[in-house]
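All remarks here apply to the structure that follows.
The values are calculated or read from the model by the stated rules, or taken from the named source; none is laboratory data. All values derive from a computational prediction rather than experimental measurement. We place every Cβ from the backbone using ideal geometry, glycine too, and count neighbours over all the protein chains shown.
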Amino acid sequence: MNSTADISYWELASGLLLFIIPISLFYIYKIWIIKDVLIGLVRMLIQLSMVALYLEWIFELNNAWLNSLWVLVMIFVGVFTTIRRVSLNWRMFVLPLLVASITSVLIVDLFFLGWVLKLDYFFDARYFIPITGMVLGNALNHNIVGLSTYFKGLSEKSELYIFLLSNTGNKKLALNPFITDAIKQALNPMIAFMSVIGLISLPGMMTGQILGGSPPSTAIKYQIMIMIAIFVGCTINLFLSILFSNRFIFDAYSNLKANILKKK
Amino acid sequence: MIKATNLELNFSGKQIFKDLSFFIKKGENVCISGPSGKGKSTILKMLMAYVIPNEGSIKVNQLLVNPENIKTIRNKIIWIPQNINLPVNNGLELMELLNLTNQRNRVEELLHELGLESSFLNQDFAQISGGQKQRVIIAICLSIEKDIILMDEPTSSLDEDAINKLISCVSKLKNKTIVSASHHLGWMESTDKIIEL
(Lines give C-alpha, C1' and ligand atoms only; values in the text may rest on other atoms or scores of the structure.)
Protein backbone atom coordinates (compact mmCIF):
# COMPACT_ATOMS: atom_id res chain seq x y z
CA MET A 1 0.00 0.00 0.00
CA ASN A 2 1.13 3.58 -0.65
CA SER A 3 1.61 5.94 2.29
CA THR A 4 -0.94 8.72 2.81
CA ALA A 5 -0.73 11.70 0.46
CA ASP A 6 0.27 14.67 2.60
CA ILE A 7 -1.72 17.93 2.62
CA SER A 8 0.30 21.10 2.26
CA TYR A 9 -0.47 24.07 4.54
CA TRP A 10 -1.71 26.04 1.54
CA GLU A 11 -4.05 23.23 0.60
CA LEU A 12 -5.23 23.04 4.20
CA ALA A 13 -5.87 26.77 4.26
CA SER A 14 -7.74 26.61 0.98
CA GLY A 15 -9.91 23.85 2.50
CA LEU A 16 -11.15 26.45 4.93
CA LEU A 17 -12.72 28.28 1.99
CA LEU A 18 -15.47 25.67 2.07
CA PHE A 19 -16.66 27.37 5.24
CA ILE A 20 -17.85 30.26 3.06
CA ILE A 21 -20.87 28.13 2.07
CA PRO A 22 -22.37 27.50 5.54
CA ILE A 23 -21.41 30.99 6.77
CA SER A 24 -23.17 32.54 3.74
CA LEU A 25 -26.25 30.41 4.37
CA PHE A 26 -26.32 31.48 8.04
CA TYR A 27 -26.00 35.11 6.95
CA ILE A 28 -28.68 34.94 4.25
CA TYR A 29 -31.16 33.17 6.55
CA LYS A 30 -30.19 35.36 9.55
CA ILE A 31 -29.22 32.38 11.68
CA TRP A 32 -26.95 34.14 14.12
CA ILE A 33 -24.55 31.38 15.02
CA ILE A 34 -21.74 32.73 12.84
CA LYS A 35 -19.74 34.00 15.82
CA ASP A 36 -20.05 30.64 17.63
CA VAL A 37 -19.04 28.75 14.48
CA LEU A 38 -15.98 30.93 13.93
CA ILE A 39 -14.92 30.67 17.57
CA GLY A 40 -15.36 26.87 17.38
CA LEU A 41 -13.32 26.76 14.17
CA VAL A 42 -10.48 28.85 15.60
CA ARG A 43 -10.44 26.78 18.80
CA MET A 44 -10.32 23.57 16.77
CA LEU A 45 -7.38 24.87 14.69
CA ILE A 46 -5.41 25.99 17.76
CA GLN A 47 -6.16 22.87 19.83
CA LEU A 48 -5.39 20.41 17.03
CA SER A 49 -2.18 22.27 16.07
CA MET A 50 -1.00 22.16 19.67
CA VAL A 51 -1.98 18.50 20.02
CA ALA A 52 -0.13 17.69 16.77
CA LEU A 53 3.04 19.28 18.11
CA TYR A 54 2.62 17.67 21.50
CA LEU A 55 1.72 14.25 20.12
CA GLU A 56 4.74 14.21 17.82
CA TRP A 57 6.90 14.80 20.88
CA ILE A 58 5.00 12.32 23.05
CA PHE A 59 5.09 9.65 20.31
CA GLU A 60 8.82 10.14 19.96
CA LEU A 61 9.50 9.72 23.69
CA ASN A 62 6.86 6.96 24.06
CA ASN A 63 7.26 6.96 27.83
CA ALA A 64 4.70 5.01 29.90
CA TRP A 65 4.42 7.69 32.60
CA LEU A 66 4.07 10.52 30.12
CA ASN A 67 1.51 8.63 28.05
CA SER A 68 -0.50 7.81 31.18
CA LEU A 69 -0.31 11.44 32.27
CA TRP A 70 -1.66 12.50 28.88
CA VAL A 71 -4.56 10.05 29.22
CA LEU A 72 -5.23 11.40 32.72
CA VAL A 73 -5.37 14.92 31.30
CA MET A 74 -7.90 13.71 28.72
CA ILE A 75 -9.98 12.13 31.51
CA PHE A 76 -9.89 15.35 33.59
CA VAL A 77 -10.90 17.50 30.63
CA GLY A 78 -13.75 15.07 29.83
CA VAL A 79 -15.03 15.08 33.42
CA PHE A 80 -14.86 18.87 33.78
CA THR A 81 -16.57 19.36 30.42
CA THR A 82 -19.35 16.98 31.44
CA ILE A 83 -19.86 18.73 34.78
CA ARG A 84 -19.97 22.14 33.10
CA ARG A 85 -22.31 21.09 30.28
CA VAL A 86 -24.76 19.33 32.59
CA SER A 87 -24.54 22.27 35.07
CA LEU A 88 -23.67 19.97 37.94
CA ASN A 89 -22.23 20.97 41.30
CA TRP A 90 -18.43 20.64 40.91
CA ARG A 91 -17.61 19.50 44.42
CA MET A 92 -20.23 16.79 44.47
CA PHE A 93 -19.46 15.23 41.09
CA VAL A 94 -15.72 15.50 40.39
CA LEU A 95 -14.79 12.40 42.37
CA PRO A 96 -17.52 10.00 41.18
CA LEU A 97 -17.12 10.97 37.53
CA LEU A 98 -13.33 10.70 37.69
CA VAL A 99 -13.48 7.25 39.26
CA ALA A 100 -16.09 6.16 36.67
CA SER A 101 -13.96 7.38 33.76
CA ILE A 102 -10.74 5.87 35.04
CA THR A 103 -12.43 2.52 35.72
CA SER A 104 -14.05 2.36 32.28
CA VAL A 105 -10.76 3.28 30.55
CA LEU A 106 -8.90 0.64 32.56
CA ILE A 107 -11.38 -2.10 31.66
CA VAL A 108 -11.54 -1.24 27.96
CA ASP A 109 -7.79 -0.67 27.54
CA LEU A 110 -6.86 -3.83 29.39
CA PHE A 111 -9.18 -5.78 27.13
CA PHE A 112 -8.41 -4.05 23.86
CA LEU A 113 -4.67 -3.39 24.18
CA GLY A 114 -3.77 -6.27 26.47
CA TRP A 115 -6.04 -9.10 25.39
CA VAL A 116 -7.04 -8.39 21.76
CA LEU A 117 -3.92 -6.65 20.40
CA LYS A 118 -1.55 -8.36 22.85
CA LEU A 119 0.82 -5.40 22.74
CA ASP A 120 4.32 -6.07 24.03
CA TYR A 121 4.38 -2.51 25.31
CA PHE A 122 0.93 -1.78 26.77
CA PHE A 123 1.49 1.99 26.98
CA ASP A 124 2.60 2.33 23.34
CA ALA A 125 1.51 5.85 22.44
CA ARG A 126 0.40 4.81 18.93
CA TYR A 127 -2.34 2.63 20.42
CA PHE A 128 -2.84 3.71 24.02
CA ILE A 129 -3.57 7.39 23.34
CA PRO A 130 -5.81 7.29 20.24
CA ILE A 131 -7.86 4.30 21.39
CA THR A 132 -8.39 5.73 24.87
CA GLY A 133 -9.16 9.08 23.27
CA MET A 134 -11.82 7.57 21.04
CA VAL A 135 -13.52 5.89 24.00
CA LEU A 136 -13.31 9.04 26.13
CA GLY A 137 -14.49 11.33 23.33
CA ASN A 138 -17.58 9.22 22.77
CA ALA A 139 -18.16 8.76 26.50
CA LEU A 140 -18.17 12.54 26.88
CA ASN A 141 -21.13 12.94 24.53
CA HIS A 142 -23.04 10.04 26.01
CA ASN A 143 -22.37 11.08 29.60
CA ILE A 144 -23.62 14.60 28.92
CA VAL A 145 -26.90 13.26 27.51
CA GLY A 146 -27.27 10.46 30.07
CA LEU A 147 -26.38 12.41 33.20
CA SER A 148 -28.43 15.38 32.10
CA THR A 149 -31.47 13.12 31.61
CA TYR A 150 -30.88 11.38 34.94
CA PHE A 151 -30.38 14.39 37.20
CA LYS A 152 -33.02 16.55 35.53
CA GLY A 153 -35.42 13.61 35.74
CA LEU A 154 -34.79 13.21 39.45
CA SER A 155 -35.12 16.96 40.05
CA GLU A 156 -38.22 17.48 37.97
CA LYS A 157 -40.03 14.22 38.75
CA SER A 158 -39.45 14.10 42.50
CA GLU A 159 -43.08 13.00 43.00
CA LEU A 160 -42.37 9.83 41.06
CA TYR A 161 -39.24 9.11 43.09
CA ILE A 162 -41.17 9.61 46.35
CA PHE A 163 -44.01 7.41 45.10
CA LEU A 164 -41.66 4.57 44.16
CA LEU A 165 -39.42 4.83 47.22
CA SER A 166 -42.37 4.84 49.61
CA ASN A 167 -44.34 2.07 47.99
CA THR A 168 -41.48 -0.29 47.18
CA GLY A 169 -39.30 0.54 50.19
CA ASN A 170 -36.37 -0.06 47.86
CA LYS A 171 -34.15 2.75 46.59
CA LYS A 172 -32.80 0.65 43.74
CA LEU A 173 -36.34 0.04 42.44
CA ALA A 174 -37.20 3.70 42.96
CA LEU A 175 -34.23 4.85 40.87
CA ASN A 176 -34.61 2.23 38.18
CA PRO A 177 -36.95 4.18 35.84
CA PHE A 178 -34.66 7.21 36.00
CA ILE A 179 -31.57 5.12 35.22
CA THR A 180 -33.39 3.32 32.40
CA ASP A 181 -34.41 6.63 30.85
CA ALA A 182 -30.87 8.03 31.10
CA ILE A 183 -29.25 4.95 29.56
CA LYS A 184 -31.79 4.82 26.72
CA GLN A 185 -31.44 8.51 25.89
CA ALA A 186 -27.65 8.28 25.94
CA LEU A 187 -27.15 5.04 24.04
CA ASN A 188 -29.97 5.16 21.48
CA PRO A 189 -27.97 7.25 18.98
CA MET A 190 -25.02 4.84 19.20
CA ILE A 191 -27.27 1.81 18.75
CA ALA A 192 -28.77 3.50 15.67
CA PHE A 193 -25.26 4.33 14.40
CA MET A 194 -24.08 0.73 14.87
CA SER A 195 -27.05 -0.58 12.95
CA VAL A 196 -26.28 1.51 9.85
CA ILE A 197 -22.49 1.52 10.02
CA GLY A 198 -21.02 0.63 6.65
CA LEU A 199 -24.34 1.29 4.91
CA ILE A 200 -24.77 5.04 5.22
CA SER A 201 -21.65 5.90 7.17
CA LEU A 202 -17.99 5.00 6.95
CA PRO A 203 -16.55 5.70 10.38
CA GLY A 204 -13.51 7.90 10.88
CA MET A 205 -11.13 5.32 12.24
CA MET A 206 -11.64 2.91 9.36
CA THR A 207 -11.40 5.69 6.79
CA GLY A 208 -8.25 6.98 8.47
CA GLN A 209 -6.62 3.58 8.42
CA ILE A 210 -7.44 3.00 4.76
CA LEU A 211 -6.11 6.48 3.91
CA GLY A 212 -3.03 5.61 5.97
CA GLY A 213 -2.36 2.55 3.79
CA SER A 214 -3.87 -0.32 5.79
CA PRO A 215 -5.77 -3.04 3.89
CA PRO A 216 -9.58 -2.65 4.22
CA SER A 217 -9.86 -6.03 5.98
CA THR A 218 -7.52 -4.85 8.75
CA ALA A 219 -9.28 -1.49 8.93
CA ILE A 220 -12.65 -3.21 9.31
CA LYS A 221 -11.40 -5.54 12.06
CA TYR A 222 -10.08 -2.53 13.95
CA GLN A 223 -13.33 -0.69 13.38
CA ILE A 224 -15.39 -3.56 14.76
CA MET A 225 -13.20 -3.80 17.83
CA ILE A 226 -13.19 -0.05 18.40
CA MET A 227 -17.00 0.11 18.08
CA ILE A 228 -17.25 -2.61 20.73
CA ALA A 229 -14.73 -0.80 22.91
CA ILE A 230 -16.59 2.50 22.52
CA PHE A 231 -20.01 0.98 23.26
CA VAL A 232 -18.77 -0.98 26.27
CA GLY A 233 -16.63 1.91 27.52
CA CYS A 234 -19.47 4.43 27.23
CA THR A 235 -21.96 2.10 28.91
CA ILE A 236 -19.61 1.31 31.82
CA ASN A 237 -18.67 4.98 32.18
CA LEU A 238 -22.28 6.17 32.27
CA PHE A 239 -23.50 3.39 34.59
CA LEU A 240 -20.64 3.94 37.02
CA SER A 241 -21.03 7.73 36.86
CA ILE A 242 -24.67 7.33 37.89
CA LEU A 243 -24.04 4.67 40.53
CA PHE A 244 -21.06 6.47 42.10
CA SER A 245 -22.90 9.83 42.00
CA ASN A 246 -25.83 8.25 43.84
CA ARG A 247 -23.60 8.00 46.90
CA PHE A 248 -23.31 11.79 47.03
CA ILE A 249 -26.61 13.21 45.80
CA PHE A 250 -28.97 11.98 48.53
CA ASP A 251 -29.18 13.19 52.11
CA ALA A 252 -29.50 11.03 55.22
CA TYR A 253 -33.23 10.59 54.48
CA SER A 254 -32.54 9.40 50.91
CA ASN A 255 -34.01 12.67 49.66
CA LEU A 256 -32.37 14.31 46.67
CA LYS A 257 -30.11 17.16 47.81
CA ALA A 258 -31.25 20.57 46.60
CA ASN A 259 -27.89 21.71 45.24
CA ILE A 260 -26.96 18.99 42.74
CA LEU A 261 -27.65 21.24 39.75
CA LYS A 262 -26.13 24.69 39.54
CA LYS A 263 -28.61 27.54 39.16
CA LYS A 264 -28.43 29.01 35.68
CA MET B 1 -49.34 5.54 66.57
CA ILE B 2 -48.52 8.87 64.86
CA LYS B 3 -47.60 11.74 67.14
CA ALA B 4 -46.62 15.18 65.84
CA THR B 5 -45.40 17.75 68.35
CA ASN B 6 -45.05 21.49 67.80
CA LEU B 7 -44.35 21.30 64.09
CA GLU B 8 -43.23 24.45 62.37
CA LEU B 9 -42.55 24.86 58.68
CA ASN B 10 -41.22 27.89 56.86
CA PHE B 11 -40.83 27.94 53.12
CA SER B 12 -39.10 30.71 51.14
CA GLY B 13 -39.30 33.02 54.15
CA LYS B 14 -43.04 32.38 54.61
CA GLN B 15 -44.44 30.54 57.61
CA ILE B 16 -46.70 27.69 56.45
CA PHE B 17 -47.68 26.57 59.98
CA LYS B 18 -46.45 26.81 63.56
CA ASP B 19 -47.03 24.88 66.81
CA LEU B 20 -48.94 22.15 65.01
CA SER B 21 -49.48 19.06 67.15
CA PHE B 22 -51.73 16.07 66.60
CA PHE B 23 -52.10 12.45 67.61
CA ILE B 24 -53.47 9.65 65.44
CA LYS B 25 -54.34 6.32 67.01
CA LYS B 26 -53.68 2.97 65.37
CA GLY B 27 -56.54 2.03 63.03
CA GLU B 28 -57.93 5.57 62.95
CA ASN B 29 -59.07 7.22 59.72
CA VAL B 30 -58.05 10.88 59.85
CA CYS B 31 -58.42 13.70 57.36
CA ILE B 32 -56.19 16.77 57.28
CA SER B 33 -58.27 19.61 55.96
CA GLY B 34 -57.88 23.27 55.17
CA PRO B 35 -57.59 25.74 52.32
CA SER B 36 -55.08 25.30 49.50
CA GLY B 37 -51.54 26.34 50.37
CA LYS B 38 -51.94 25.63 54.09
CA GLY B 39 -49.66 22.59 53.86
CA LYS B 40 -52.02 19.58 53.86
CA SER B 41 -49.94 17.53 51.43
CA THR B 42 -46.75 18.80 53.03
CA ILE B 43 -47.76 17.29 56.38
CA LEU B 44 -48.23 13.90 54.71
CA LYS B 45 -44.75 14.21 53.20
CA MET B 46 -43.40 15.17 56.64
CA LEU B 47 -44.67 11.89 58.08
CA MET B 48 -42.40 10.14 55.55
CA ALA B 49 -39.55 12.69 55.98
CA TYR B 50 -39.67 13.92 52.40
CA VAL B 51 -40.14 17.35 53.94
CA ILE B 52 -38.28 18.10 57.16
CA PRO B 53 -39.94 20.54 59.62
CA ASN B 54 -37.95 23.54 60.84
CA GLU B 55 -39.09 22.78 64.40
CA GLY B 56 -40.88 19.96 66.19
CA SER B 57 -40.82 16.20 66.00
CA ILE B 58 -42.85 13.32 64.61
CA LYS B 59 -43.11 9.79 65.93
CA VAL B 60 -44.54 6.89 63.93
CA ASN B 61 -45.13 3.66 65.85
CA GLN B 62 -43.03 5.03 68.72
CA LEU B 63 -40.14 5.65 66.32
CA LEU B 64 -38.84 9.17 65.97
CA VAL B 65 -38.71 10.28 62.34
CA ASN B 66 -34.96 10.63 61.88
CA PRO B 67 -32.31 9.27 59.49
CA GLU B 68 -31.77 6.12 61.57
CA ASN B 69 -35.46 5.14 61.63
CA ILE B 70 -36.66 6.43 58.30
CA LYS B 71 -36.27 3.18 56.37
CA THR B 72 -38.29 1.26 58.96
CA ILE B 73 -40.94 3.98 59.02
CA ARG B 74 -41.28 4.19 55.23
CA ASN B 75 -41.60 0.42 55.11
CA LYS B 76 -44.85 0.78 57.09
CA ILE B 77 -46.36 3.47 54.83
CA ILE B 78 -48.28 3.38 51.56
CA TRP B 79 -48.23 6.67 49.66
CA ILE B 80 -51.04 7.46 47.24
CA PRO B 81 -50.39 10.83 45.54
CA GLN B 82 -52.79 12.76 43.34
CA ASN B 83 -52.34 13.04 39.55
CA ILE B 84 -48.91 11.49 39.29
CA ASN B 85 -47.15 11.03 35.96
CA LEU B 86 -46.02 7.42 35.78
CA PRO B 87 -43.46 5.92 33.41
CA VAL B 88 -45.83 3.02 32.59
CA ASN B 89 -48.71 2.51 30.20
CA ASN B 90 -51.14 0.49 32.30
CA GLY B 91 -51.91 -1.05 35.68
CA LEU B 92 -50.06 -4.29 35.03
CA GLU B 93 -46.89 -2.40 34.21
CA LEU B 94 -47.37 -0.36 37.38
CA MET B 95 -47.67 -3.56 39.42
CA GLU B 96 -44.41 -4.76 37.88
CA LEU B 97 -42.76 -1.43 38.68
CA LEU B 98 -43.86 -1.71 42.31
CA ASN B 99 -42.89 -5.37 42.50
CA LEU B 100 -46.52 -6.39 43.13
CA THR B 101 -47.15 -8.98 40.43
CA ASN B 102 -48.05 -11.58 43.07
CA GLN B 103 -50.89 -9.32 44.33
CA ARG B 104 -53.02 -9.66 41.17
CA ASN B 105 -56.03 -11.23 42.94
CA ARG B 106 -56.08 -8.64 45.70
CA VAL B 107 -55.77 -5.80 43.17
CA GLU B 108 -58.70 -7.18 41.13
CA GLU B 109 -60.77 -7.48 44.32
CA LEU B 110 -60.04 -3.85 45.19
CA LEU B 111 -60.77 -2.73 41.63
CA HIS B 112 -64.24 -4.32 41.86
CA GLU B 113 -64.86 -2.53 45.15
CA LEU B 114 -63.92 0.71 43.42
CA GLY B 115 -66.38 -0.03 40.60
CA LEU B 116 -64.00 -1.14 37.86
CA GLU B 117 -63.63 -4.42 35.96
CA SER B 118 -60.38 -6.40 36.15
CA SER B 119 -59.79 -5.60 32.49
CA PHE B 120 -58.91 -2.03 33.48
CA LEU B 121 -55.54 -3.35 34.60
CA ASN B 122 -54.62 -3.96 30.95
CA GLN B 123 -56.01 -0.72 29.63
CA ASP B 124 -53.69 1.99 28.43
CA PHE B 125 -53.71 4.92 30.86
CA ALA B 126 -53.93 7.26 27.86
CA GLN B 127 -57.21 5.58 26.77
CA ILE B 128 -59.09 5.76 30.08
CA SER B 129 -60.39 8.73 32.05
CA GLY B 130 -58.40 10.48 34.79
CA GLY B 131 -60.80 9.08 37.41
CA GLN B 132 -60.46 5.52 36.15
CA LYS B 133 -56.66 5.81 36.09
CA GLN B 134 -56.70 7.20 39.64
CA ARG B 135 -58.82 4.24 40.83
CA VAL B 136 -56.48 1.73 39.16
CA ILE B 137 -53.53 3.39 40.94
CA ILE B 138 -55.40 3.43 44.27
CA ALA B 139 -56.35 -0.26 43.96
CA ILE B 140 -52.75 -1.23 43.21
CA CYS B 141 -51.36 0.84 46.09
CA LEU B 142 -53.95 -0.44 48.57
CA SER B 143 -52.88 -4.00 47.78
CA ILE B 144 -49.47 -3.30 49.36
CA GLU B 145 -49.34 -4.94 52.77
CA LYS B 146 -48.45 -2.06 55.07
CA ASP B 147 -50.13 -0.60 58.17
CA ILE B 148 -50.36 3.10 57.36
CA ILE B 149 -51.97 4.61 54.27
CA LEU B 150 -51.35 8.22 53.30
CA MET B 151 -53.63 9.63 50.60
CA ASP B 152 -53.20 13.03 48.99
CA GLU B 153 -56.51 14.45 47.69
CA PRO B 154 -57.91 10.97 46.98
CA THR B 155 -61.17 12.35 45.57
CA SER B 156 -59.63 14.92 43.23
CA SER B 157 -60.29 13.12 39.93
CA LEU B 158 -63.37 11.14 41.01
CA ASP B 159 -67.11 11.68 40.51
CA GLU B 160 -69.53 11.34 43.44
CA ASP B 161 -70.33 7.68 42.73
CA ALA B 162 -66.63 6.77 42.58
CA ILE B 163 -65.98 8.76 45.77
CA ASN B 164 -68.70 6.80 47.60
CA LYS B 165 -67.21 3.52 46.39
CA LEU B 166 -63.75 4.64 47.56
CA ILE B 167 -65.16 5.61 50.99
CA SER B 168 -66.83 2.21 51.27
CA CYS B 169 -63.64 0.39 50.13
CA VAL B 170 -61.44 2.27 52.61
CA SER B 171 -63.86 1.65 55.48
CA LYS B 172 -63.48 -2.10 54.94
CA LEU B 173 -59.70 -2.02 55.41
CA LYS B 174 -59.05 -3.56 58.80
CA ASN B 175 -56.28 -2.47 61.20
CA LYS B 176 -55.03 0.20 58.83
CA THR B 177 -54.30 3.74 59.90
CA ILE B 178 -55.42 6.13 57.18
CA VAL B 179 -54.32 9.74 56.93
CA SER B 180 -55.61 11.77 54.02
CA ALA B 181 -55.39 15.37 52.85
CA SER B 182 -58.70 16.55 51.44
CA HIS B 183 -61.27 19.29 51.51
CA HIS B 184 -64.08 17.18 50.06
CA LEU B 185 -67.00 17.34 52.49
CA GLY B 186 -68.28 13.81 51.94
CA TRP B 187 -64.82 12.36 52.37
CA MET B 188 -64.17 14.41 55.52
CA GLU B 189 -67.46 13.24 57.04
CA SER B 190 -66.55 9.62 56.41
CA THR B 191 -63.38 9.83 58.51
CA ASP B 192 -63.04 9.41 62.29
CA LYS B 193 -61.30 12.69 62.90
CA ILE B 194 -60.49 15.93 61.08
CA ILE B 195 -57.32 17.92 61.67
CA GLU B 196 -58.16 21.44 60.56
CA LEU B 197 -55.30 23.69 59.45
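Picking from residues in the stretch B:123-138 that are among the polar types (S, T, N, Q) and under 17 Å from B:GLN82 (Cα atoms), the one that is surrounded by the fewest Cβ atoms within 10 Å (Cβ to Cβ) is B:SER129. When each of A:LEU38, A:LEU17, A:LEU69 is tested for being loosely packed, with under 13 Cβ neighbours inside 10 Å and either within 25 Å of A:MET225 (Cα to Cα) or touching a Gly at 6+ places or on another chain (Cβ under 9 Å) (or both), the lone residue that passes is A:LEU69. Looking across the stretch A:149-189, just one residue is acidic (Asp, Glu) and more than 8 Å from chain B (Cβ to nearest Cβ), and that is A:GLU156.
Scan the stretch A:242-251 for residues that are surrounded by fewer than 16 Cβ atoms within 10 Å (Cβ to Cβ) and more than 14 Å from chain B (Cβ to nearest Cβ) and the total you get is 3. The set of residues from the stretch B:94-119 being among the hydrophobic types (A, V, I, L, M, F, W, C) and free of Cβ contacts under 8 Å to residues at least 24 places away in the same chain comprises B:LEU97, B:LEU116.
If you go through the stretch A:86-98 and keep only what is assigned to a helix (DSSP H, G or I) and either under 19 Å from A:PHE239 (Cβ atoms) or out of contact with any helix residue (DSSP H, G or I) (no Cβ under 8 Å at 6 or more places or on another chain) (or both), you end up with A:VAL86, A:ARG91, A:MET92, A:PHE93, A:VAL94, A:LEU95, A:PRO96, A:LEU97, A:LEU98.
When B:SER118 is tested against (1) closer than 26 Å to B:PRO35 by Cβ; (2) modelled with pLDDT under 95, exactly one condition is not met: (1).
Rundown of residues vs (1) farther than 30 Å from B:PRO53 by Cα; (2) touching a strand residue (DSSP E or B) at 6+ places or on another chain (Cβ under 6 Å); (3) more than 14 Å from every other protein chain (Cβ to nearest Cβ); (4) of a type outside the set (Gly, Ala, Ser), yes/no style:
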position	(1), (2), (3), (4)
A:ILE200	yes, no, yes, yes
A:GLY204	yes, no, yes, no
A:GLY208	yes, no, yes, no
A:ALA219	yes, no, yes, no
A:ALA229	yes, no, yes, no
A:VAL232	yes, no, yes, yes
A:LEU240	yes, no, yes, yes
A:TYR253	no, no, no, yes
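Do we find a residue being at pLDDT 90 or above, in contact with a helix residue (DSSP H, G or I) (Cβ under 6 Å, 6 or more places away or on another chain) and over 23 Å from A:TYR253 (Cα atoms) anywhere in the stretch B:33-42? Checking the stretch B:33-42: at least one residue is at pLDDT 90 or above, in contact with a helix residue (DSSP H, G or I) (Cβ under 6 Å, 6 or more places away or on another chain) and over 23 Å from A:TYR253 (Cα atoms).
Buried (at least 19 other Cβ atoms within 10 Å of the Cβ) and more than 26 Å from B:ASN69 (Cβ to Cβ), is that true of A:GLY233?
yes
Answer yes if at least one residue in the stretch B:88-103 is acidic (Asp, Glu), in a loop (DSSP other than H, G, I, E, B) and under 30 Å from B:THR72 (Cβ atoms), and no otherwise. No: zero hits. Is it fair to say A:ASN167 is under 30 Å from B:ILE138 (Cβ atoms), more than 13 Å from the chain's Cα centre (by Cα), surrounded by fewer than 18 Cβ atoms within 10 Å (Cβ to Cβ) and not hydroxyl-bearing (Ser, Thr, Tyr)? Criteria not met by A:ASN167. Identification of helices (runs of 4 or more DSSP H) wholly contained in the stretch A:1-82 with 1 or more residues that are under 24 Å from A:ALA125 (Cβ atoms) and at pLDDT 90 or above yields A:34-61. Candidates A:ILE210, A:ILE197, A:ILE228, A:ILE179: the one that is touching a Phe, Trp or Tyr at 6+ places or on another chain (Cβ under 9 Å), over 25 Å from A:VAL86 (Cα atoms) and surrounded by 15 or more Cβ atoms within 10 Å (Cβ to Cβ) is A:ILE228.
Can you pull out every residue in the stretch B:139-194 that is assigned to a helix (DSSP H, G or I), crowded, with 22+ Cβ neighbours inside 10 Å and either basic (Lys, Arg) or within 14 Å of chain A (Cβ to nearest Cβ) (or both)? If the condition is that a residue be assigned to a helix (DSSP H, G or I), crowded, with 22+ Cβ neighbours inside 10 Å and either basic (Lys, Arg) or within 14 Å of chain A (Cβ to nearest Cβ) (or both), then B:ALA139, B:ILE140, B:CYS141, B:LEU142 are the ones that fit. Under the condition of being within 14 Å of chain A (Cβ to nearest Cβ) and more than 23 Å from A:TYR253 (Cα to Cα), the residues counted in the stretch B:1-32 number 0. Scanning the stretch B:33-73 for residues that are facing chain A (nearest Cβ under 7 Å) and touching a Lys or Arg at 6+ places or on another chain (Cβ under 9 Å) yields B:MET48, B:ALA49. Taking the conditions (1) crowded, with 19+ Cβ neighbours inside 10 Å; (2) at pLDDT below 95 in turn, A:TRP115 satisfies each one other than (1). The set of residues from the stretch B:6-34 being within 16 Å of the chain's Cα centre (by Cα) and at negative phi comprises B:ILE24, B:LYS26, B:GLU28, B:ASN29, B:VAL30, B:CYS31, B:ILE32, B:SER33.
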